[in-house]
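Read the figures in this text as sums done on the coordinates, not as results from a lab. A quick note: this is a predicted structure, and the numbers were derived from the prediction, not measured. Quick reminder, even Gly has a Cβ in these numbers, built from the backbone with ideal geometry, and neighbours come from all protein chains shown.
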Amino acid sequence: MIFWELFFTFFRIGLFTFGGGYAMLPMIEQEVIAHSWLSMEELIDFIAVSESTPGPFAVNIATYIGTHTAGFPGALCATAGVVLPSFLIILFVARIFTKFKDSRTVQGIMTGLKPAVVGLIGAALFTLVLAVFAPDGISSVNVFSVPFLKHFLILCIVFYLNMRKVKPIRLVLVSAGLGILAGYLLELL
Amino acid sequence: MSGNVPALFTTFLKIGAFSFGGGYAMIPLIREEIVTKHGWLEDEDMIQMIAIAESTPGPIAINAATFVGYRTAGFPGALAATFGIVLPSFLIIFGLSFVLAKFKSFKPVAYAFDGIRAGVLVLVFRGLTTLYRQCEKNTLFYVLVLSAFVLEAFFKINAVYILIGAALIGSVSSYLCARKEVTK
């Protein structure tokens, strides 16, 4: 049943996400594409929407995919699923925290998990780069095509602004503005 | 103590509605409300909260809300705070879901999203560098980063297995380090 599927998928995502934010992106990418709940392009668009609205990415994407696939009850199931593991684990940990903090086992696990999460987010970014710059596969990329150059130029400008510590929501707005500008300019040509 | 429950709900509702940019961006906001304004917890608790939120699974915002709620008013507090922090996201995204699909066929919006697709790469890169900077760098770190990247990007191994494997390697290596210290 779709509601169980949504609940359990997002429960699993919530349970295996360390480090917050985009740490869950690789798992979401895998699950969402495997279930064909969203296309890669829709997922990228939604990251931008999530950056421009308040709240954690995990909750935003769970609510969105839930609504998208099964309406309001779907949104409830997916969101409850992603929140529940955190909630239960923290309730448990808050009681035993003093022991937990200095536990060598926990510290050992974290020294392994942190680099793995960095690698996984790197892999997710790699997939996103391919989706934007090589939507029809790496062999058919034309570096001198209009869409490639347009995306590359926008990427460079936004990257520069990011280096100047511009806030994420402004980066989204600038990207949108550049997209509109480029779209209409290309229409004129 | 239980008198704090409604206040916890409204406080985290506010934090949920005004925190853009994810978990870490939300921590100063939580501190302002919980420590400075309400005095429910002390700065020492906030440090604990961050350590716990980072070393347990799940979004940092949810972890932080559950922890502060529990410390302030027990289980009802945890429930109120978590519910409060999720509700704004839930309602906003639920509402947007219907609007978004319709708007995308509108030309300027389609162009905007075309630009945003390139910009998003920078946002994910930003998240990646933030996390990278917090890590202690040594040989094991680079080996694990590279292996996780290759296994996920080129071999499409399920992320869960990669995480479990990395956790095992981390535990074994810290166990070995500890033994070395003892024998010295």
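Which is the longest run of chain B containing none of the chymotrypsin sites (Phe, Trp or Tyr not before Pro) found in DSSP loop states (not H, G, I, E, B) with at most 13 other C-beta atoms within 10 Å? Here the longest run is B:1-105. Summed over all non-identical Cα pairs, the Kirkwood treatment of region A:142-189 gives a radius of 11.4 Å. When the pairs A:114/B:137; B:14/B:37; A:114/B:14 are compared against a 19 Å limit on Cα-Cα distance, A:114/B:14 fall above it. Across every pair of non-identical alpha carbons in region B:5-105, the mean reciprocal distance, once inverted, gives a Kirkwood radius of 13.9 Å. In units of the compact-protein estimate 2.2 N^0.38 Å, region A:80-189 shows a Cα radius of gyration of 1.64. Over every Cα atom in the protein assembly as shown, the radius of gyration and the widest Cα-Cα span, Dmax, amount to 21.0, 75 Å. Plainly put, chain B has a radius of gyration that is 1.06 times its Kirkwood radius, both from alpha-carbon atoms, as the Rg/Rh ratio. Counting beta carbons within 10 Å around each of B:135, A:77 and listing the fewest first gives the order B:135, A:77. For region B:34-42, 3J(HN,Hα) computed residue by residue from phi via the Karplus equation (6.51, -1.76, 1.60; θ = phi - 60°) reads 7, 8, 6, 7, 9, x, 6, 9, 10 Hz, glycine and proline entered as x.
In terms of other Cβ atoms within 10 Å, A:67, B:82, B:139 run from fewest to most in the order B:139, A:67, B:82. Counted over all Cα-Cα pairs of region B:98-167, pairs farther apart than 14 Å make up 74 percent.
Of the chymotrypsin sites (Phe, Trp or Tyr not before Pro) found in region A:100-189, those that fall in a DSSP loop while having at most 15 other beta-carbon atoms within 10 Å are A:144.
Quotient of the Cα radius of gyration of region A:2-137 and 2.2 N^0.38 Å, N being its number of residues: 1.13.
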